[in-house]
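What follows is one structure encoded as structure tokens, with my remarks underneath.
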Amino acid sequence: MATRSSAFASVGGYSEHALLDHPVAKPDGLSWEGAASVISVGEAAFRVLRHLGLKAGQTLLILGAGGSVGTIAVQLAAAGGITVIGTASEGDLARVTGLGATVVSYGDGWADRVRAAAPAGGRRGV
């Protein structure tokens, strides 16, 4: 069983190896490569949301909500009470919806579908 913790670098950068200040247990069903990728994409999602400083009740549009960073960002934002609208491909619509987003498919007219899904029609400041 994995322990609950988080780890992220204080500054951005690239590296071949990294040491965690607070090691976390790798879930049994996850490869080492998969575990490492979860940390890096999770950190990216966490940093962006922290940088945006959104509060519960606000709305966030995540382009690429079905991707690795988008998937974690949807979950973190929804858990924080943020209304999430996420764009995704047809194959990811059900999964992204299950993560807590109102999902909008790619393709012609996607901006209109986003406006229709947004509270108050997607007006600025809402």
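The values are calculated or read from the model by the stated rules, or taken from the named source; none is laboratory data. Since the structure is predicted, the reported quantities are computational estimates derived from the model, not experimental observations. In this analysis, Cβ positions are derived from the backbone assuming ideal geometry, glycine residues included, and neighbour counts consider all displayed protein chains. These accessible areas exclude ligands, DNA and RNA; they are computed on the full protein's heavy atoms, side chains included. Shrake-Rupley method; radii C 1.70, N 1.55, O 1.52, S 1.80 Å.
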- Task: Mind checking the full-extension length gain between V24 and R50? Use 0.36 nm per residue of separation minus the Cα-Cα distance, one decimal, nm.
- Result: 7.2 nm
- Message: Just to confirm the filter: which trypsin sites (Lys or Arg not before Pro) across region 43-121 are DSSP coil and have at most 13 other Cβ within 10 angstrom of their Cβ?
- Response: K55
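Let's test the formula: R0 of 41 Å, r as the Cβ-Cβ distance of A111 and V38. What FRET efficiency results, to the nearest 0.05?
Numbers: r = 31 Å, r/R0 = 0.77.
E(calc), rounded to 0.05, equals 0.85.
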- Stretch S68-S89 to full length: gain in nm at 0.36 nm per residue minus the Cα-Cα span? 6.2 nm
- Message: What is the percent carbon and sulfur in the accessible area of region 51-126, measuring with a 1.4 Å probe over the protein chains and ignoring ligands?
- Response: 56
- Within region 27-92: Cβ-based charge dipole about Cα centre, in debye rounded to nearest 20 (Lys, Arg +1; Asp, Glu -1): 400
- Query: Where does the Debye-calculated log10 I(q)/I(0) of region 17-105 sit at q = 0.19 Å⁻¹, using only Cα point scatterers of equal weight, no solvent?
  - Reply: -0.87
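Compute the accessible area per residue over region 28-68, keeping the other protein chains in place, probe 1.4 Å, unit Å². Mind dumping the intermediate values first?
On the way: 2620 Å² over 41 residues.
I get 64 Å² per residue for region 28-68.
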